[in-house]
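Below is one structure, written out as structure tokens; the observations come after it.
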Amino acid sequence: MTTVSSQVYYDPSHAKREGVLFEGWILAALSGQLPNPSMVWVADVQSQTILLVRGEDGIVRAFENSCLHRGTQIYPPKTGRHAWKGEPISAVTCGYHGWKYTDRGAIQHIPKAKGIQCTETHLKQYAVFEDAGFIWVSLETPRIDAASLFAPIHDAVRHYHLEEMEPIEARDFHFPVNWKVSLENALDYYHVSTVHPKTVGAHVDAEPTFRDLGWHSLQTLYIAPYGWREKLDNHCARKRPYSDHELSSLHKYFVFPNLVINVLPYHLTVMQFFPNGPTDCIMRYRFCQRQKPGKIERARVWASWVASRYILYEDVRIYTQIQQGMEKSTQTEHPLHEQERGVEHFHDALNRWIDDTQPASET
Ligand code: FES
Ligand SMILES: [Fe+2]
């Protein structure tokens, strides 16, 4: 029987060890947020604001969002309903004294330059990997190259053309629970009949199939095509061809270390989980539609968004009970059910990553 320790949900020393998980590749944005050349977007990656610039050559580069003059944030992080949209620029320009940079991060122009010297000539740059609609950034030297790390995911979703997806809602939720409580709830099918009896539970007959994708996993949930829904799905599934299986299934990917995506031909849900201390977390939520939807497709996406938010509300209601129960439990190991295989895989992947990087004395 597989078990999980309650300690991993509150112990500060465990949370500290987990820091290494976020030194690798982290999703910084969706390609649909920077759809055109000469666009900029400020991404928040592990408490750092990163400047993502899609250059004139169409390539995305990432820079520290700190001006070489006085360190001012070159662009502020955006807030508000349309905060997910990148903005067109003619040059990367700091708003304080007007230093300008090229789309490759080099100083291009310093106003009234006489009398000022700067030892640096380029903004600090980070590694970026863009593929299949996702823009990944690594703030440290990556342990695994991104192409091989993400190949199992990208190859499987490439034909959905997720680079065309854009959020209809992008926001951060703060939850007073360990980040793993929130993430693994999205991977756990065992709770569906209890927590979601009238929503997910009412429309899904069979439990999901599970595939181990190494660092990642895939759970496929068959959604019975009831009457009008089949017609609607066919109408809204642009970018064919999709198999019947793809038209009637939700593909839920766990992408190492902190991402869950729900992929369907007509919409995409992106949930990214960041620790904010041992017992607090942020869920970065993006519910996406394909660009330029027709009326019916738009109505369908918004209806799905309402359903998705209600399902999230059903989950969040139980978060605090999970967290506080774990913190106070005298039982140290807790058994996992067969329908919690996604949770088991998630913990295995985290432990493998942490253990490989810890000095022998700390493992
Ligand atoms: S701080 Fe950016 S130009 Fe002065
Ligand atoms: Fe749930």
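Mean Kyte-Doolittle hydropathy of 1.6 or higher plus an axial Cα length of 30 Å or more: which whole DSSP H helices in the chain meet both? Let's see the in-between values first.
On the way: long enough: 295-328 (50 Å, -0.50).
Sorted by number, there is nothing, because no helix extends far enough and scores high enough.
Tell me the relative contact order for the stretch 254-363 as a rounded percent, counting alpha carbon contacts under 8 Å between residues six or more apart.
Working: 68 pairs, mean separation 17.6, N = 110.
Reported as a whole number, the value is 16 percent.
Using the basic label-point model (7 angstrom from Cα toward the beta carbon), what is the Thr119 to Ala147 distance in nanometres?
Modelled inter-label distance: 3.6 nm.
Within the chain, which cysteines find no other Cys whose Cβ is under 4.7 angstrom from their own?
For the chain, the answer is Cys118, Cys236, Cys281, Cys288, because their Cβ atoms have no other cysteine Cβ under 4.7 Å.
Give me the percent relative contact order of the chain, please, defined on Cα pairs under 8 angstrom at least 6 residues apart. Before the final figure, lay out each step's value.
On the way: 646 pairs, mean separation 75.9, N = 363.
Answer for the chain is 21 percent.
With the Cα gyration tensor of the chain giving a ≥ b ≥ c as the square roots of its eigenvalues, does the rule (a/c under 1.5 for rounded; else a/b larger than b/c for prolate; else oblate) give rounded, prolate or oblate?
Numbers: a/c = 2.06, a/b = 1.32, b/c = 1.57.
It is oblate, given that a/c is not under 1.5 and a/b is not larger than b/c.
Taking the number of other C-beta atoms within 10 Å as the exposure measure, put Arg286, Arg158, Arg211, Arg61 in order starting with the fewest. Walk me through the intermediate numbers first.
Details: Arg286 23, Arg158 13, Arg211 16, Arg61 19.
Ordered by Cβ neighbours within 10 Å, fewest first: Arg158, Arg211, Arg61, Arg286.
Toward the positive end of the charge dipole of the stretch 171-242, about the Cα centre and with charges on Cβ (Lys, Arg +1; Asp, Glu -1), which of Ser182, Val195, Tyr242 goes farthest?
Highest projection toward the positive end goes to Tyr242.
Calculate for the chain the 222 nm mean residue ellipticity that helices alone would give, adding -39,500 (n - 2.57) per DSSP H run of length 4 or more and normalising by residue count, nearest 500 deg cm²/dmol. It would help to have the intermediate numbers written out before the result.
Numbers: 9 runs with 97 residues, N = 363.
Result for the chain: -8000 deg cm²/dmol, rounded to the nearest 500.
Please list, by residue number, every one of the GluC sites (Glu not before Pro) in the stretch 1-80 that is coil in DSSP and has at most 12 other beta-carbon atoms within 10 Å. Let's see the in-between values first.
Numbers: sites: Glu18, Glu23, Glu56, Glu64; in loops: Glu56.
Passing sites in the stretch 1-80 are Glu56.
How big is the dipole moment of the stretch 186-257 about its Cα centre under a simple scheme where the beta carbon of each Lys and Arg is +1, that of each Asp and Glu is -1, and everything else is neutral? Debye, nearest 20, please. Kindly include the intermediate steps, with their values, before the conclusion.
On the way: 8 positive and 8 negative charges, 69 e Å.
For the stretch 186-257, the charge dipole is close to 320 debye.
What ranking of Tyr242, Tyr310 emerges when the number of other C-beta atoms within 10 Å of each C-beta is taken as an exposure proxy, fewest first?
Numbers: Tyr242 19, Tyr310 12.
Going from sparsest to densest Cβ surroundings: Tyr310, Tyr242.
So if I place +1 on the C-beta of Lys and Arg and -1 on the C-beta of Asp and Glu, and nothing else carries charge, what would the dipole magnitude of the stretch 1-78 be about its Cα centre? I want it in debye, nearest 20. The partial results should precede the final answer.
Details: 6 positive and 7 negative charges, 28 e Å.
With Lys and Arg at +1 and Asp and Glu at -1, about 140 debye.
Any of Lys85/Lys239; Lys100/Lys180; Lys231/Lys292; Lys78/Lys100 with alpha carbons more than 30 Å apart? Name them for me. Before the final figure, lay out each step's value.
Values: Lys85/Lys239 23 Å; Lys100/Lys180 41 Å; Lys231/Lys292 20 Å; Lys78/Lys100 20 Å.
Among Lys85/Lys239; Lys100/Lys180; Lys231/Lys292; Lys78/Lys100, the Cα-Cα distance tops 30 Å for Lys100/Lys180.
Take the alpha-carbon centre of the stretch 295-311, take the same for the stretch 104-143, and report the distance between them in whole Å.
If you average the Cα positions of each part, the centres end up 39 Å apart.
Of all the Cα-Cα pairs you can form in the stretch 249-316, what percent are over 13 Å apart?
Working: 1586 of 2278 pairs.
Every Cα pair in the stretch 249-316 considered, those over 13 Å come to 70 percent.
Over what distance in Å are the Cα centres of the stretch 148-162 and the stretch 1-66 separated?
Comparing the Cα centres of the stretch 148-162 and the stretch 1-66, I get a distance of 18 Å.
Tell me the relative contact order for the stretch 27-114 as a rounded percent, counting alpha carbon contacts under 8 Å between residues six or more apart.
Details: 150 pairs, mean separation 21.1, N = 88.
Computed value for the stretch 27-114: 24 percent relative contact order.
What order do you get for Arg341, Arg240, Arg54 when you list them from fewest to most C-beta neighbours inside 10 Å?
In increasing order of surrounding Cβ atoms, one gets Arg240, Arg341, Arg54.
Only the coordinates and a few stated rules stand behind these numbers; no lab work does. Small disclaimer: the values here were computed from a predicted structure and weren't measured. Quick reminder, even Gly has a Cβ in these numbers, built from the backbone with ideal geometry, and neighbours come from all protein chains shown.
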